[in-house]
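Remarks on the structure that follows.
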Amino acid sequence: MRIAVLMALCSALTAGCAAASRGQMVSANAPTANVSGVWTGRAATRGTFIPVTMTLTQNGTSVTGDMSVGGWSELTGGVTGSIQGELLTLSLERLTLGELTVKHDTMTGQVSAGLPVNLRRSK
């Protein structure tokens, strides 16, 4: 009886891992979003809104640029990162910012310890 339960559990785990791998492959093969341009918006902290501006250049999946977060020198400067599908990962020289989701001309997510950010691309 124990062997049958163990085998059923292993089969379920294997099927779950295969489904997760397929999902990751689909995400990895999704078209890469275009993030080049000037992005403006705000970050929120403790009920206060802080202006955010990013100017990004994209070459394939590599992203570089500059970011300015009003009044936060530790979140201002040159950024580097990568885009995979709709997921943009950014870092400053001394700090990993986090991941943002890009959908057309909107970018949302959380950076640096959960600071929520909402940006729109300027046209």
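The values are calculated or read from the model by the stated rules, or taken from the named source; none is laboratory data. Note that the structure is predicted; figures quoted are calculated from it, not measured. Using ideal geometry, Cβ is built from the backbone for each residue, glycine included, and neighbour counts are taken over all protein chains shown. Note: accessible area is taken over every heavy atom of the protein model, side chains too, but ligands, DNA and RNA are not part of it. Shrake-Rupley method; radii C 1.70, N 1.55, O 1.52, S 1.80 Å.
Among residues other than R120 whose Cβ falls under 12 Å from its Cβ, what is the net charge (Lys/Arg +1, Asp/Glu -1)?
On the way: positive: R42, K103, R121, K123; negative: D105.
In short, +3.
Residue by residue, what Karplus-based ³J(HN,Hα) values in Hz, rounded to whole numbers, does region 73-84 have, using 6.51, -1.76 and 1.60 with θ = phi - 60° and x for Gly and Pro?
After applying 6.51 cos²θ - 1.76 cosθ + 1.60, I find 4, 6, 10, 10, x, x, 10, 9, x, 8, 10, 10 Hz.
Probe of 1.4 angstrom, ligands and nucleic acids ignored: what's the accessible area per residue over region 58-107, in square angstrom?
On the way: 2660 Å² over 50 residues.
Per-residue accessible area for region 58-107 comes out at 53 Å².
Please list the non-local residues whose amide H lies under 5 Å from the amide H of V111, H modeled 1.01 Å from N, same-chain partners needing a gap of 5 or more.
V117
At a 1.4 Å probe, what is the % contribution of carbon and sulfur to the accessible area of region 62-123?
Within region 62-123, the accessible surface is 49 percent carbon and sulfur.
When you count, for each residue, the other Cβ atoms within 10 Å and take the mean per peptide, how do 74-83, 45-54 rank with the highest first? Show your work: numbers first, answer last.
On the way: 74-83: 16.4, 45-54: 13.3.
Averaged packing, sorted descending, gives the order 74-83, 45-54.
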